[in-house]
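Colleague: Handing you a structure now.
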Amino acid sequence: MATVTYDKATRRYDGSTRPAVDQLELEVGDGEFLVLVGPSGCGKSTALRMLAGLEPIDGGTMRIDDRDITNVDPSDRDIAMVFQTYALYPHMTVGENMGFALKIAGRPKDEIKTRVAEAAKVLDLTDYLDRKPKALSGGQRQRVAMGRAIVRSPQVFCMDEPLSNLDAKLRVATRTQIASLQRRLAVTTLYVTHDQVEAMTMGDRVAVLKDGVLQQVDAPRAMYDRPANMFVAGFIGSPAMNLLTVPVDGQGTVQVGSLGVPMPRDGHGGLTGSTVAIGIRPEDLRLVGTGEGVEVVVELVEELGSDAFLHGSVTGGAEGGGPGRPPQPAAQGGEGHAGPDPGAAALVRRLDRRPRRRLTPPAGDPPQDRRPQGFSSAATAGMLRWITGRARRGRPRRARGHRP
Ligand code: ADP
């Protein structure tokens, strides 16, 4: 076990105009599970490979505990890496793959056998030790790759998108296994993914990168509640937060479609007359009756069973007061492809009966921990386009204003 420190660590590839990883400052605690997340090309794999020694660094230093590993050979860093492609040796059995690193390190045969057997037990691979990788499923291969890392008892695990080759269902099951295994082993782990749901569900803390620059590092819930900037606000959370750029009027109010929303009292003083960005999480919206809230024309209903996502557009102030055009429920089957989807159809029927149903953010000042923080004034307002409300099934807050 160990701590990991990136101290202004920088990697610039030859010929590129900006660093792939730019002065990264990050401390990972002993036994912590830290997830590096961000869109493709943001530098997460490079950051991980820098730690493992597979990528040289062009500036700054890196440490494991107090040991400067900046120029230490990868094989002397005591790090085990798990790759997206598993990188198993096809001609070796599962047992041989798992024990190979110990074998080339010259460990005694008995010790190798014992450690492989222990790891196989933990990973439910005991019955497969004599099989070759080609006779395994994707999930089993992934576990062998994990096993190969575990038998080394390294100070640090580095995992680079280890679940990306699995189908969606197996990915969910395996992420739970990896997260609980890591907690049991308590080995400091850096885990790379582009999937923010994976990041939020697995990590003790999550570090968000964009264009090689660290945006925020925090516990999942804290990041969800208090994103440090617009990028993190839009990236963390599914479905994504609605982000609107709107002017603040003389009363410290911003207009969201036809609804005036007062800015938090302690925040609007200096903002009057300027433009601010506000963020509203879809799950904080609820359906209310006519005459309240924000009028939304629903364009698409995504019916997931437990939830239904409504996609639509906010209609603006005065012109929003008319009868309103009926919603265009694409989920019901656009272009003559009316599909047998009773759940979505039922929701659409409810919406059809009350086409000017409104969605509203919580009234008045939002509670302290829900206030959008760190948003700065930004570009001009565009068309307000919402990825909107989630109608939760069987939960109390759905009931309000929901019945036709
Ligand atoms: P991520 O893992 O977040 O998808 P990477 O760390 O792989 O991103 O890449 C970060 C940036 O560095 C990207 O712009 C990518 O094109 C660039 N990059 C990655 N590897 C190389 C390389 N070997 N040579 C040149 N540029 C690279």
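The values are calculated or read from the model by the stated rules, or taken from the named source; none is laboratory data. Not measured: the values here are computed from a predicted model. Positions of Cβ are backbone-derived with ideal geometry, glycine not excepted, and every protein chain shown enters the neighbour counts.
Rundown of residues vs (1) out of contact with any helix residue (DSSP H, G or I) (no Cβ under 7 Å at 6 or more places or on another chain); (2) polar (S, T, N, Q), yes/no style:
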site: 2; (1), (2): yes, no
site: 11; (1), (2): no, no
site: 14; (1), (2): yes, no
site: 17; (1), (2): yes, yes
site: 21; (1), (2): no, no
site: 28; (1), (2): yes, no
site: 32; (1), (2): yes, no
site: 35; (1), (2): no, no
site: 43; (1), (2): yes, no
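Colleague: Of the numbered conditions (1) crowded, with 21+ Cβ neighbours inside 10 Å; (2) outside the structural domain of residue 11 (by TED's automatic domain parsing), residue 274 satisfies every one except a single condition; which is it?
Modeller: Going through the list (1) crowded, with 21+ Cβ neighbours inside 10 Å; (2) outside the structural domain of residue 11 (by TED's automatic domain parsing), residue 274 breaks only (1).
Here's the yes/no breakdown for (1) modelled with pLDDT of 95 or more; (2) in contact with a strand residue (DSSP E or B) (Cβ under 8 Å, 6 or more places away or on another chain); (3) within 16 Å of the ligand (Cβ to nearest atom):
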residue	(1), (2), (3)
62	yes, yes, yes
82	no, yes, yes
85	no, no, yes
96	yes, no, no
103	no, no, no
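Colleague: Run down 46, 61, 85, 93 and say which single residue is farther than 24 Å from residue 145 by Cβ and of a type outside the set (Phe, Trp, Tyr). Don't jump to the end; show me each part of the working.
Modeller: Numbers: 46 fails: farther than 24 Å from residue 145 by Cβ; 85 fails: farther than 24 Å from residue 145 by Cβ; 93 fails: farther than 24 Å from residue 145 by Cβ.
After applying the criteria, what remains is 61.
Colleague: Check region 268-291 and report whether any residue there is touching a helix residue (DSSP H, G or I) at 6+ places or on another chain (Cβ under 7 Å), outside any strand (DSSP E or B), more than 22 Å from residue 208 (Cβ to Cβ) and not basic (Lys, Arg).
Modeller: Within region 268-291, none of the residues are touching a helix residue (DSSP H, G or I) at 6+ places or on another chain (Cβ under 7 Å), outside any strand (DSSP E or B), more than 22 Å from residue 208 (Cβ to Cβ) and not basic (Lys, Arg).
Colleague: Continuing with the same structure: Out of the residues in region 294-309 that are of a type in the set (A, V, I, L, M, F, W, C) and closer than 28 Å to residue 262 by Cβ, state the one that is nearest to the chain's Cα centre (by Cα).
Modeller: 309
Colleague: Residues 218, 249, 225: which one is surrounded by fewer than 17 Cβ atoms within 10 Å (Cβ to Cβ) and either closer than 27 Å to residue 33 by Cβ or touching an Asp or Glu at 6+ places or on another chain (Cβ under 6 Å) (or both)? Before the answer, list the steps.
Modeller: On the way: 218 fails: surrounded by fewer than 17 Cβ atoms within 10 Å (Cβ to Cβ); 249 fails: either closer than 27 Å to residue 33 by Cβ or touching an Asp or Glu at 6+ places or on another chain (Cβ under 6 Å) (or both).
The unique qualifying residue is 225.
Colleague: Give all pairs with beta carbons closer than 9 Å in which a residue from region 6-27 that is closer than 11 Å to residue 43 by Cα meets a residue that is more than 10 Å from the ligand (Cβ to nearest atom) and hydroxyl-bearing (Ser, Thr, Tyr); count only pairs at least 6 apart in sequence or on separate chains.
Modeller: Short answer, once both residue conditions are applied: 19/10; 20/10; 21/6; 21/10; 22/10; 24/6; 24/10.
Colleague: Looking at region 1-33, which of its residues are more than 12 Å from the ligand (Cβ to nearest atom) and of a type in the set (Asp, Glu)?
Modeller: 7, 25, 27, 30, 32 - these are the residues of region 1-33 that are more than 12 Å from the ligand (Cβ to nearest atom) and of a type in the set (Asp, Glu).
Colleague: Criterion first (polar (S, T, N, Q) and closer than 29 Å to residue 301 by Cβ) does residue 189 satisfy it? Step through it out loud before you land on a result.
Modeller: Working: polar (S, T, N, Q): yes; closer than 29 Å to residue 301 by Cβ: no.
No; evaluated as a whole, the condition is false for this residue.
Colleague: Then there's this: What's the number of the condition residue 106 fails, among (1) surrounded by fewer than 20 Cβ atoms within 10 Å (Cβ to Cβ); (2) touching a Phe, Trp or Tyr at 6+ places or on another chain (Cβ under 7 Å); (3) under 24 Å from residue 64 (Cβ atoms)?
Modeller: Condition not satisfied by residue 106: (2).
Colleague: With a cut-off of at least 2 residues that are over 26 Å from residue 183 (Cα atoms), name the strands (runs of 3 or more DSSP E) lying wholly within region 1-60. Give the steps one after another, and end with the answer.
Modeller: Values: elements: 4-11, 21-28, 33-37.
Output list reads 4-11, 21-28.
Colleague: Could you tell me whether any residue of region 164-178 is within 16 Å of residue 34 (Cα to Cα), in contact with a strand residue (DSSP E or B) (Cβ under 8 Å, 6 or more places away or on another chain) and surrounded by fewer than 21 Cβ atoms within 10 Å (Cβ to Cβ)?
Modeller: No - not one qualifying residue is present in region 164-178.
Colleague: OK, next. Can you confirm whether residue 238 is of a type in the set (Ser, Thr, Tyr) and within 30 Å of residue 201 (Cα to Cα)?
Modeller: So residue 238 passes the test.
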